[in-house]
Amino acid sequence: MFQHHDLKGTSLPDQTLSLTYDDGPGPQTLELGHYLFTEGIPATFFVLGAHARQRSDVLAKLVNWGHCLGNHTYSHPGLIALYESGGNVLGEIEQTDRLLRQFGQEEPLFFRPPYGNWRRQQAATNRDEQVSVIAEELNRTALADRYLGPVNWDISAEDYNFWKAGASAEACAEAYWQEIQFVQRGIVLLHDGSEDPTIARKNKACETTRRLVPRLKEAGYQFAALAAALRSPILAEKEARHQSSSQPGLVSKR
């Protein structure tokens, strides 16, 4: 089901992180996925259908390495603006859903809306409304039984701004290190691609992750699969299956 509230990783133990990557597959996704696999870290890749359509080989390898694929729409629109303009919100998700089905992943699949854009803002307070018109619309469709969302995040240092500015992976990793030290736990938002081709070409997600992971492990951090991070009753069976497989759901420092 699509929830009205954001799903985050606040129930994770201290010093436990779930790594998620948006907007790919991008130029470094294959190298990144393999690196995380060698480190025993199960990540979630929220893919754009427009990118995934041409790179199904990359998605297949991510799944083979024990990673999870999530739906991030087809073309990365703000869903509230799309809805209010009469656009096809369902179509954005269905197009990417058709691409993901071929990989036989366990349901529910995860959904993350672009920009975390899920609820209208109240005009008087500038705060989000309690009810999501997007959730209401999607829960009237067949996708409701196949998905869990909206998956939000707890930690972000806005890596896309580093790539936009042409900054170094070292600077980006340091910003994430500082943010993680402050928050201590939760779902981490990174990007292995972009809807903007110029920013996508500058992406340094793999170098950033390579700099960050050893430092985090040395400091005693653990890494959880997204199913474990959300701690939803819907995911209890999925989490148990994941932890009993060759790719662990929770990975201790090496």
Being assigned to a helix (DSSP H, G or I) and surrounded by 24 or more Cβ atoms within 10 Å (Cβ to Cβ) is the requirement here; does Ala227 meet it? yes
Single unsatisfied condition, Leu69 versus (1) touching a helix residue (DSSP H, G or I) at 6+ places or on another chain (Cβ under 9 Å); (2) closer than 30 Å to Gln121 by Cα; (3) of a type outside the set (S, T, N, Q); (4) part of a loop (DSSP other than H, G, I, E, B): (4)
Top-ranked residue of the stretch 117-157 - restricted to ones that are aromatic (Phe, Trp, Tyr) and either out of contact with any helix residue (DSSP H, G or I) (no Cβ under 7 Å at 6 or more places or on another chain) or assigned to a helix (DSSP H, G or I) (or both), ranked as surrounded by the fewest Cβ atoms within 10 Å (Cβ to Cβ): Trp153
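With respect to Ala144, is the statement that it is touching a residue at least 40 places away in the same chain (Cβ under 8 Å) and more than 26 Å from Ile199 (Cβ to Cβ) true?
yes
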Taking into account only those residues within the stretch 38-63 that are part of a helix (DSSP H, G or I) and out of contact with any helix residue (DSSP H, G or I) (no Cβ under 9 Å at 6 or more places or on another chain), which is surrounded by the fewest Cβ atoms within 10 Å (Cβ to Cβ)? Thr38
Long-range neighbours under 6 Å by Cβ, at least six apart or interchain, first residue modelled with pLDDT under 95 within the stretch 207-222, second outside any helix (DSSP H, G or I): none
Mind listing whichever residues of the stretch 93-116 are within 14 Å of the chain's Cα centre (by Cα) and either within 16 Å of Gln3 (Cβ to Cβ) or assigned to a loop (DSSP other than H, G, I, E, B) (or both)? Leu109, Phe110, Phe111, Arg112, Pro113, Gly116
Between residues in the stretch 10-22 that are on the phi > 0 side of the Ramachandran plot and residues that are in a loop (DSSP other than H, G, I, E, B), which pairs lie under 6 Å by C-beta distance while being six or more apart or on different chains? Gln15/Gly220; Gln15/Tyr221
Scanning the stretch 169-201 residue by residue, those charged (D, E, K, R) and at pLDDT 95 or above turn out to be Glu170, Glu174, Glu179, Arg185, Asp192
Hey, can you tell me all the residues within the stretch 193-208 that are surrounded by 20 or more Cβ atoms within 10 Å (Cβ to Cβ) and either among the basic types (Lys, Arg) or within 21 Å of Lys8 (Cβ to Cβ) (or both)? Lys204
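The values are calculated or read from the model by the stated rules, or taken from the named source; none is laboratory data. All figures in this text were calculated on a predicted structure; none of them were measured in a lab. Positions of Cβ are backbone-derived with ideal geometry, glycine not excepted, and every protein chain shown enters the neighbour counts.
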